[in-house]
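First comes the structure, then the notes that go with it.
The values are calculated or read from the model by the stated rules, or taken from the named source; none is laboratory data. Source: prediction; values computed, not measured. Positions of Cβ are backbone-derived with ideal geometry, glycine not excepted, and every protein chain shown enters the neighbour counts. Heads up: the accessible areas ignore ligands, DNA and RNA and are worked out on the full protein's heavy atoms, side chains in. Shrake-Rupley method; radii C 1.70, N 1.55, O 1.52, S 1.80 Å.
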Amino acid sequence: MFTGLVADLGTVRSLQRDADGARLRIDTSLAAEIGEGDSISVNGVCLTASAVHGDGFEAEAIEETLRRSSLDRLREGSSVNLELALRASDRLGGHIVQGHVDGIGTVLDIREDGFSRVLEIAVEPELARYLVEKGSVALDGVSLTISSIDERSFAVSLIPETLRRTSLGAAEPGTVVNLEVDVLAKHVERLLGSRLGQPATEGVR
């Protein structure tokens, strides 16, 4: 489990793609804190460190992960948001993030608003139903608050710290981002559907 508070902006050193999936090698200043088998959020996707080296780690992404996320769009030199798994003693400064990406969104528009930057993100209807104004969403693993929402998109406001510390600072119209909606909303929908005798929705996992 994660909180959506990015600990480091890593760099993709290599990405090897074949019919079985992809192997990523990522350089990060967090290398000394990572052990083989550890869970690491990479742009919001929970991956397992299969090897650790002095400058970073390696991890595999299976086809299911590549279909649902933007990891397949990474290239050598790409910057990625990294977060280590939450310790039981840590503060929950963001919100509960599983690292299970529900889908992708596309940046439609960017505008400055005082010292913040507002990103408008296109979202598919099957994910939009889980989003509410002032609710939580994870974009590329970053815990954010939804500032507005309509039928086709939602907006988030990024403070200067987020712009400096995460890859969202380099986002531009057309940038594809990983989306993870609030897991509590999905559980509530399933429970209420069952109680009302309606089939539970299986749209996202």
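Taking the conditions exactly as written (in contact with a strand residue (DSSP E or B) (Cβ under 9 Å, 6 or more places away or on another chain), open to solvent by 70 Å² or more (accessible area, probe 1.4 Å) and within 22 Å of residue 87 (Cβ to Cβ)), does residue 5 satisfy them or not?
So residue 5 fits the description; yes.
Can you pull out the residues in region 3-43 that are under 25 Å from residue 137 (Cβ atoms) and of a type in the set (Ser, Thr, Tyr)?
Within region 3-43, 3, 28, 39, 41 qualify.
Does region 169-191 hold any residues that are part of a helix (DSSP H, G or I) and open to solvent by 40 Å² or more (accessible area, probe 1.4 Å), and which are they?
Passing the criteria: 170, 184, 187, 188, 189, 190, 191.
Of the conditions (1) touching a Leu at 6+ places or on another chain (Cβ under 7 Å); (2) not in a loop (DSSP other than H, G, I, E, B), residue 112 satisfies every one except a single condition; which number is it?
The single condition residue 112 does not satisfy is (1).
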